1. Would you mind checking the pairs Lys248/Lys337; Lys66/Lys340; Lys272/Lys303 and listing those with alpha carbons more than 24 angstrom apart?
2. So for Glu561, Glu270, what's the accessible-area order with a 1.4 Å probe, most first?
3. Of the options Cys64, Met84, Ala159, report the single residue whose Cα projects farthest towards the positive end of the charge dipole of the range 55-160 (beta-carbon charges: Lys, Arg +1; Asp, Glu -1).
4. List, in order, the whole-Hz ³J(HN,Hα) value for each residue of the range 372-380 obtained from phi through the Karplus relation with A = 6.51, B = -1.76, C = 1.60 and θ = phi - 60°; use x for Gly and Pro.
5. Find, among the chymotrypsin sites (Phe, Trp or Tyr not before Pro) in the range 569-632, those assigned to loop by DSSP (not H, G, I, E, B) with at most 12 other beta-carbon atoms within 10 angstrom.
6. Could the peptides 47-57, 236-246, 581-591 be put in order, highest first, of the mean number of other beta-carbon atoms found within 10 Å of their residues?
7. Starting from 0.36 nm per residue, how many nanometres of slack lie between Asn430 and His408 once their C-alpha separation is accounted for?
8. Accessible area per residue for the range 596-712 in Å², computed with a 1.4 Å probe and the full protein assembly in place, what is it?
Amino acid sequence: MKPLKALTDNPEIEAAAGHDHVMDTQCPFCSVQCKMQIVEHFGKERNTYTVLPKPNAASEGRLCIKGMNAYQHALSGERLSFPMAKVNGEFVRVSWEEAYRLIQSNFTQTEQRYGSNAIGVYGGGSLTNESAYLLGKFARVALRTKYIDYNGRFCMSAAASAGNKAFGMDRGLTNQLSDIPLARCIILAGTNIAECQPTLMPYFTRAKENGAFIIAIDPRNTGTTELADLHLKVKPGMDAALVNGMLKVIVDDGYVDEAFAKERTKGFSELKEHLASVDLNDIAEITGVPLEQIRGAAEAFGKAATGMVFTARGVEQQTDGYMAVRNFLNMVLITGKIGKEGCGYGAITGQGNGQGGREHGQKADQLPGYRLIENPADRAYIAEVWGVLPDELPEKGVSAYEMMEKIHEEEIRALFVMGSNPIVSNPNANFVEEGLRKLEFLVVADMFLSETARMADLILPTSSYLENEGTLTNLEGRVLLREASREVTDEVKHDWEILCGIAEALGKEWYFSYTAAEQIFEELRVASRGGIADYYGITYDRLRKEEGVYWPCPSLDHPGEKRLFETAFAHPGGKAELVAVENHFPAEQVSGEFPLYLTTGRVLSHYLTGVQTRRSHTLAARSFESFMEIHPKTAQKYRIEDGSLIKLESKRGSIVVRSKVTREIREDTVFVPMHWGDIQNVNKITNQALDPTCKMPGFKVCAVNAKPLVESM
Ligand SMILES: Nc1nc2c(c(=O)[nH]1)N[C@H]1C(S)=C(S)[C@@H](COP(=O)(O)OP(=O)(O)OC[C@H]3O[C@@H](n4cnc5c(=O)[nH]c(N)nc54)[C@H](O)[C@@H]3O)O[C@H]1N2
Ligand SMILES: Nc1nc2c(c(=O)[nH]1)N[C@H]1C(S)=C(S)[C@@H](COP(=O)(O)OP(=O)(O)OC[C@H]3O[C@@H](n4cnc5c(=O)[nH]c(N)nc54)[C@H](O)[C@@H]3O)O[C@H]1N2
Ligand code: SF4
Ligand SMILES: [Mo]
């Protein structure tokens, strides 16, 4: 690993100045967005760093190991520092003028040859609201392409579409975190908060101290399930059916809040009718959860005076993710556990700006403020804000993985990636990589030479959280201002500056004439005004004074809505929608050839495809290679020894990982984390089948076989 960079290239100058450099910032990783202070002490030999948590409403002054070490990647000598173009297979340094010229000539040629939809844009949930908003505008106004989507498709799409359909609004948490300790029963379904949002754990331990009954649903034992009074060790992909069982008990045993179901929801009689046909023994059989546990969970939740349900990717990254979440929402709704103290639903948002990133136009079907690109009134409103005609706005495009298919089919010929590493994070990664090789022009804006950046024709160096000012919306729906705490170095530019630079090269500078992130936010405020995610009342000034404001916030004197749905849901008419959910089975079933279920997820010390955390020496040292959790009985059956190299194979490819024999996992399932690329990239074997409604891939289940590597050679 290269040495850390100083503020200037000469630490002696800094040391001579005799001052520490204090950076007030917030963690770039997960959706909690913990605030922190990094103190850089200038030394003669090398600089040292002290990281201090800063109290704020969500983290209450805590930081996890990733936050503590987040300065390491940002200050790493591996940061990209100037634009690079690929010439004869090698990257060579180019100026920004040359980089913009290359983009202008390639994009113009692509458009002339194949039309404007031959250029695709692929964004990310790490981008600030300002950059995410601008990326959507850039695609529609500067490139006039319908093909834009982002990595949040793999993250938030199931919960988002379920929230929109059931409640009329998608905000990660319907209430504040401070409601958690007031809940008497909490369901944690497919969420590993202990490793993925560790600073939130004390909210749950406090609930438990207050007497809450905690139910975890996960095929594995994790730091989170350890907290539970009851752990339903479900077969991967079977959550929707499991909830059908729980709902049946809730209805049959009289735990329904009849008044709430009648006055505040629609569709209860259809749901009841559907549940009448559910057979509890059958549910126990297909989900692998004993009947008494299903009953116990339903009774605990049904009886509790207050309660909350949380889902995350375990439930959502399924080919029925949308419907599985809808079923959990059915449970929240028929028991009346929403819109009041100690009650609510939370889709535990993933990325730092996983919430804001899904509100302002990075999605194929969306315009800012959670408006819809297919809605004529929404188009007219945004067209006016942007100074174009409604007819000039493209139509709806396709989801992230479907864009990869369009690339394969050569319908998309050029791609602009900002804030994602798609060849590691898309399912069926070999296919995705093959597709990207067909592109005539691939541009990647990143801080590092990610696996995807390595394939690019042009790489643009972008700023990190320490340098880039902007707003991010945390999992509660609270908008936070992250001020820049360091100057950019070398030739690095902010994402929004890059977009403005390209727009100018394309002759669209009139629409992109911003000189500061705040100006973009000012436009976003207006663009989101009157939309579902209304930021109109939020300003940088307010964010500084109030340390964050919840949306919706329609006017400057509005306090922001902390608890949603107290008196009405967001649908016209104010009622929430219930729906009958069929039992669903994973798109790929185990067979003689592929006898094990593979599920995938995360570990504490790494973040997503690991591009950042693998460049932090402290984090990398904690977990330096991938692994496969396997039950001892299963390991014995397949002659797998603990700590040995394993070839893991599906219909789509194979990877090599080290075995970790553990009783913490179901016998029929193995688990591999997602943080490594190349030969350890688990997405080389995951299934590309998509949820029909939200187009979420089924990352959490596919069929595989596992063999000792030596034997398989
Ligand atoms: N350390 C760390 N923290 C992170 C991230 C990271 O990469 N590393 N990423 C951030 C992002 S973007 C996200 S989206 C979140 C993700 O946060 P989570 O969704 O909590 O994380 P995962 O590990 O993907 O999955 C959660 C759990 O689902 C379980 N699971 C697998 N299959 C099933 C199933 O069929 N049903 C049920 N009920 N459970 C199942 C897994 O065993 C796992 O324990 O974390 C955020 N925080
Ligand atoms: N098998 C499996 N696959 C999964 C998942 C799973 O659970 N299992 N989870 C899915 C989920 S929930 C997610 S969110 C996706 C995420 O997957 P990716 O989109 O690939 O996310 P990252 O690994 O964070 O990649 C982000 C890239 O952007 C760069 N970057 C970070 N911040 C910025 C910025 O501000 N600007 C720019 N321009 N670049 C930046 C980073 O250096 C990195 O190279 O993966 C999905 N893939
Ligand atoms: S990774 Fe999440 S929980 Fe950990 S410090 Fe960063 S924002 Fe906080
Ligand atoms: Mo995510």
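1. Values: Lys248/Lys337 17 Å; Lys66/Lys340 34 Å; Lys272/Lys303 19 Å.
Cα-Cα > 24 Å for Lys66/Lys340; rest within.
2. Numbers: Glu561 70, Glu270 110 Å².
Result of the area sort, largest leading: Glu270, Glu561.
3. Ala159
4. For the range 372-380, the Karplus-derived couplings read 10, 5, 8, 8, x, 5, 5, 4, 5 Hz, x marking Gly and Pro.
5. On the way: sites: Phe569, Tyr597, Tyr607, Phe624, Phe627; in loops: Phe569, Tyr607, Phe624.
Here the sparse-neighbourhood loop sites are Phe624.
6. Details: 47-57: 15.9, 236-246: 27.7, 581-591: 17.6.
For the peptides 47-57, 236-246, 581-591, the packing ranking is 236-246, 581-591, 47-57.
7. On the way: separation 22, 0.36 × 22 = 7.92 nm, distance 1.16 nm.
Gain in length upon complete extension: 6.8 nm.
8. Details: 4390 Å² over 117 residues.
For the range 596-712, the solvent-accessible area averages 37 Å² per residue.
The values are calculated or read from the model by the stated rules, or taken from the named source; none is laboratory data. The structure presented is a predicted model; accordingly, all values stated were derived computationally and were not measured. For neighbour counting, all protein chains shown are included, and Cβ atoms are generated from backbone atoms with ideal geometry for every residue, glycine included. What goes into the accessible areas is simple: the full protein's heavy atoms, side chains included, and nothing from ligands, DNA or RNA. Shrake-Rupley method; radii C 1.70, N 1.55, O 1.52, S 1.80 Å.
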